[in-house]
Amino acid sequence: MRSFGGGGGGMGLPGLETMASKLAVALVAGSVLFHLTKAQSGNLLLLIPELVVRGPFLWQPLTYAFIETAPIGIIFGAIITWSIGGYLESLWGGKRLLMVAVGIAVTAGVLTTLLALLVPGTTVQAYAGGNVMTSVLWVSYGLTIGRGQANFWGIPLSGNALAGIGAGFVVLSAITSGWQTQVPDLLGLCMAFAYVRGANPRKLWLTLQHWRLQRQLKGRSKHLQVVRQDRPDRDQYLN
């Protein structure tokens, strides 16, 4: 039985040399640095779409992913990243874990910025994205288990149900605080679901290439004509 939040069984905690532990340490360090410097320029570590659009604050879609604003968010975010990330790393490897955890969080930040540019007023002033990364890991973990057995604070349930709980926290926050406050989180969940279900940049590129090839072949076939078997033997039909 896979265990999350206590209870029987155990996926264990990874060592400090793993990618999961490094991400957990980065989350804590980034959050502490933000709180120590927010009276000066620490707020520039958050994702502020309007500033990114105007430039040159292009680092914000990356740095915001390692910031939690609440103490409980820092603690539980580090635990989730360390434990769940360690399990996923044992299946995927460190590079793939980094691509999913940080890559999706950064992409969600970029898309949030583009949304603010295209549709003004759809985003809030600033975002801390630590919850984006931890939510992506949580949901990816649950979907990876699927119908298998998991353990959430002593309650046995399926991996899919565990993923639903993780997504439910984000949806509940969107309901109570306004969906604009959860734009990166919602985008991150959608991308995590798509990735675990098989969508990735390589497959999307291959699908696009296949679609373009099919269109080209279809366009060329319109210029072809069927030649009858009883045609006269003339050279014009040889071309």
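On average, how much accessible surface per residue is there in region 23-120, in Å², for a 1.4 Å probe, leaving out ligands, DNA and RNA?
Using a 1.4 Å probe on heavy atoms only, each residue of region 23-120 averages 48 Å².
Carbon-plus-sulfur fraction of the accessible area of region 19-197, 1.4 Å probe, in percent?
71
Output wanted: per-residue J couplings in Hz (rounded whole) for region 143-156, from phi through Karplus 6.51 cos²θ - 1.76 cosθ + 1.60, θ = phi - 60°, x for Gly and Pro.
5, 5, 5, x, 7, x, 7, 10, 9, 10, 6, x, 9, x
Out of region 86-148, which trypsin sites (Lys or Arg not before Pro) are coil in DSSP terms and have no more than 16 other C-beta atoms within 10 Å?
147
What is the Cα convex hull volume of region 19-197 when expressed per residue in Å³?
Spread over its residues, the Cα hull of region 19-197 gives 111 Å³ apiece.
Between residue 215 and residue 16, with labels modelled 7 Å along Cα→Cβ, what's the label distance in nm to one decimal, could you check?
5.4
The values are calculated or read from the model by the stated rules, or taken from the named source; none is laboratory data. The shown structure was predicted, so the numbers you read here are calculated from the model rather than taken from an experiment. Here Cβ is always computed from backbone atoms with ideal geometry, including for glycine, and neighbour counts include all displayed protein chains. Just so you know, the surface numbers come from the protein's heavy atoms only, side chains and all, with ligands and any DNA or RNA stripped out. Shrake-Rupley method; radii C 1.70, N 1.55, O 1.52, S 1.80 Å.
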